[in-house]
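> Got a structure for you, written out below as structure tokens; questions coming shortly.
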Amino acid sequence: MDFSGTWKVYSEENLEEFLKVIGAPELLVKMRKDVKPELVIKQNGRDFTCTIKTPFCSRVNCFTVGKESEICALDGRKVKCTVREEDGKLICETSKFTSVREIQGDEMIDTITAGSVTFISRSKRV
């Protein structure tokens, strides 16, 4: 599955609750709730560079499928994970959350679960 491209988030479910569960600062929760980020993904085989852009900041995560990497989570903290690919989905499991990224039709869907809270983000290619 080719994730490359620029993706604009148009829908987010349970963002505030998710950020609170993972311990994000209250200021970040307030600032982030009205912002829909843009994601720029560059995929070269099993190597990925994912840039997340908002009016407040940009973050870049680089990883190779199957190798341990350090990524920046939604709350800004760095976590170690090994991204794996299953059935065309990218799956990242950390001690704080599990993230599943997949493409369905013309949408990219990110489902991130921490404890009993699931955050769902939907994006379209720009």
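The values are calculated or read from the model by the stated rules, or taken from the named source; none is laboratory data. Bear in mind that the values here come from a model prediction, so they are computed numbers and not experimental data. So basically every Cβ, Gly included, is an ideal-geometry build from the backbone, and we count neighbours across all protein chains shown. SASA here: full protein model, heavy atoms, side chains in, ligands and nucleic acids out. Shrake-Rupley method; radii C 1.70, N 1.55, O 1.52, S 1.80 Å.
> So what is the accessible area of the chain per residue, in Å², with the probe set to 1.4 Å?
55 Å²
> Taking 30 Å as R0, compute the FRET efficiency from the Cβ-Cβ separation of C57 and V100 and round it to 0.05.
0.80
> On to the next question. Measure off, as a whole percent, the carbon and sulfur share of the 1.4 Å-probe accessible area of region 1-93, all protein chains present.
Accessible surface attributable to carbon and sulfur in region 1-93 totals 48 percent.
> Lys and Arg at +1, Asp and Glu at -1: add these up for the other residues within a Cβ distance under 10 Å of E38 and post the number.
Neighbourhood net charge equals +3.
> Now, a different point. What value in Å³ per residue do you get for the convex hull of the alpha-carbon atoms in the chain?
Looking at the chain, the number lands at 98 Å³ per residue.
> Calculate the dipole size of the chain relative to its Cα centre from +1 charges on Lys and Arg beta carbons and -1 charges on Asp and Glu beta carbons; express the result in debye to the nearest 20.
Dipole magnitude for the chain comes out near 420 debye.
> What does the charge add up to near P25, with Lys and Arg as +1, Asp and Glu as -1, over the other residues with Cβ less than 12 Å from its Cβ?
Summing Lys and Arg as +1 and Asp and Glu as -1 gives +2.
> For the pair K33 and E70, how long in nm is the line joining their label points, each one 7 Å along Cα→Cβ?
3.2 nm
> Additional query: Could I get the Rg over Rh figure for region 60-114? Both from C-alpha atoms, Rh via Kirkwood, rounded to two places.
Using Cα coordinates only, the ratio equals 0.95.
> Among residues other than I109 whose Cβ falls under 10 Å from its Cβ, what is the net charge (Lys/Arg +1, Asp/Glu -1)?
0
> Quick check on my link table: of K8/K67; K30/K67; K53/K96; K33/K53, which ones sit more than 25 Å apart, alpha carbon to alpha carbon?
Exceeds cut-off: K8/K67; K30/K67.
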